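Have a look at the structure below before the remarks.
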Amino acid sequence: METVLSGIRPTGNLHLGNYFGALSNFVKMQHEHNCYFFIADYHSLTTHPNPENLHNNVKMVLAEYLACGLDPNAATIYIQSDLPETAELYLLLNMNAYLGELERCTSFKEKIRKQVENVNAGLLTYPTLMAADILIHKATKVPVGKDQEQHLEMTRNFANRFNHIYKTEYFAEPVAFNFGKDLVKIPGLDGSGKMGKSEGTNNAIFLIDEPDVISKKVMRAKTDTGPTQQNQQKPEEIQTLFDLMKIMSTPNTLSYFEDKYNACEIRYGDMKKQLAQDIITFTSPIREKIKEIASDNAYLKKVAKIGAEKAKESGAKTVKEVREIIGFKSF
Ligand code: TYM
């Protein structure tokens, strides 16, 4: 049995990228392994949400986790700040993390470009906090999307460095995990790369989006005037639609539109209508469950409490052992 862990920052509602990158893989593993899924609210402070949003977002994301099939009886579902031991492990790992490697991290470089007015130390040390999340439960498998690959590599470096410095084999190496052989990157609807919460509202399809909103977003996606040669290579925005269709629609539907494209007979309007319909069919039951669970405060409170207790049991043990390894001793 392996220990599996993953998490999502509560900076907005969950979108299809979060679902297919992290959640769906985790849900498949939760009954066979020792599983932790948490809400990374400390991490969300690197982009400074205001206090009202912070709690509401955490609550919404918890409801969304449950609606997507995370089972509190199988997995430990918890909120990062309910396990403050994480912050201590983060501090200890930071002592052996070097400025150069943190500055070279792709997500740091991206963030300092995007939020020039708020280049805080939390952004720089984001990867050590993430390593603390993973190592505190000694997780070895981490279901994530492609964008997290480098963070996992850094976590392995921090774990190995800790073992080396303190002459121990305490931490095992965690790996980014997906059931398919490759980590996934779900494209955003604007054809500019990945689906993300901060890429503008028309880029992402959120699990909570109503059918008319989904239709509008998909119909608005950029297309070109169509192929002029048979089997022509697809430009990025067109490839995006096909990539989304590959995930959301049946293989028959996908090959129907592939054939139409290759024969220069594609009607993008028809393709988008079909894609929107398939997304709506997929998200509708989840959306209804999110609404139901989000209105049940007592249930959410119970889930968070049980999760915090279970997380504490595992996290406090690790931090105690790490303190002993480093040499902190009580008189
Ligand atoms: P976050 O909140 O940006 O994203 C949460 C998860 O969703 C995946 N994801 C995607 N996967 C595929 N295609 C996309 N377009 C897409 N967009 C998002 C991400 O890869 C991620 O798995 N640093 C993490 C949160 C975190 C964490 C951890 C994850 C903190 N500590 C420990 C795992 C283990 C983050 O910002 O994810």
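The values are calculated or read from the model by the stated rules, or taken from the named source; none is laboratory data. Model, not experiment: these values are computed from the prediction. Cβ coordinates were reconstructed from backbone atoms using ideal geometry, including for glycine residues, and neighbour counts include every protein chain displayed. Accessible surface is based on the protein model in full, side chains and every heavy atom, while ligands, DNA and RNA are left aside. Shrake-Rupley method; radii C 1.70, N 1.55, O 1.52, S 1.80 Å.
Values for this structure:
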| read-out | value |
| --- | --- |
| CD proxy at 222 nm, helix term only [per DSSP H run n ≥ 4: -39500 (n - 2.57); per residue of the chain; nearest 500] | -16500 deg cm²/dmol |
| Using distinct alpha-carbon pairs, which all enter the 1/r mean, Kirkwood radius of the stretch 125-250 in Å | 17.4 Å |
| Ser215 accessible area, 1.4 Å probe, all protein chains in place, Å² to nearest 10 | 40 Å² |
| Taking the stretch 197-291 and dividing mean pair separation by its residue count, relative contact order in percent (alpha carbons under 8 Å, at least six apart) | 42 percent |
| Cα coordinate range in the chain, projected on the principal axes (Å, largest first) | 79, 46, 42 |
| Heavy-atom accessible surface of the chain: percent carbon and sulfur, 1.4 Å | 52 percent |
| Mean Cβ neighbour count within 10 Å, used as a protection proxy, ranking 37-47, 244-254 highest first | 37-47, 244-254 |
| Antiparallel %, DSSP beta bridges [both residues in the chain], to 5 | 10 percent |
| Area of Arg104 that stays accessible when all protein chains are in place (1.4 Å probe, Å², to 10) | 150 Å² |
| Accessible-area ranking of Ile165, Ile279, largest first, probe 1.4 Å | Ile165, Ile279 |
| Euclidean distance of C-alpha centroids, the stretch 214-293 and the stretch 166-199, integer Å | 24 Å |
| Accessible solvent surface per residue of the chain, calculated while the other protein chains remain in place, 1.4 angstrom probe, Å² | 49 Å² |
| In Hz, Karplus ³J(HN,Hα) per residue of the stretch 40-53 (6.51, -1.76, 1.60; θ = phi - 60°; x = Gly, Pro) | 7, 6, 4, 4, 5, 5, 5, 10, 6, x, 8, x, 5, 4 |
| Highest average packing first - 283-294, 143-154, Cβ atoms within 10 Å | 143-154, 283-294 |
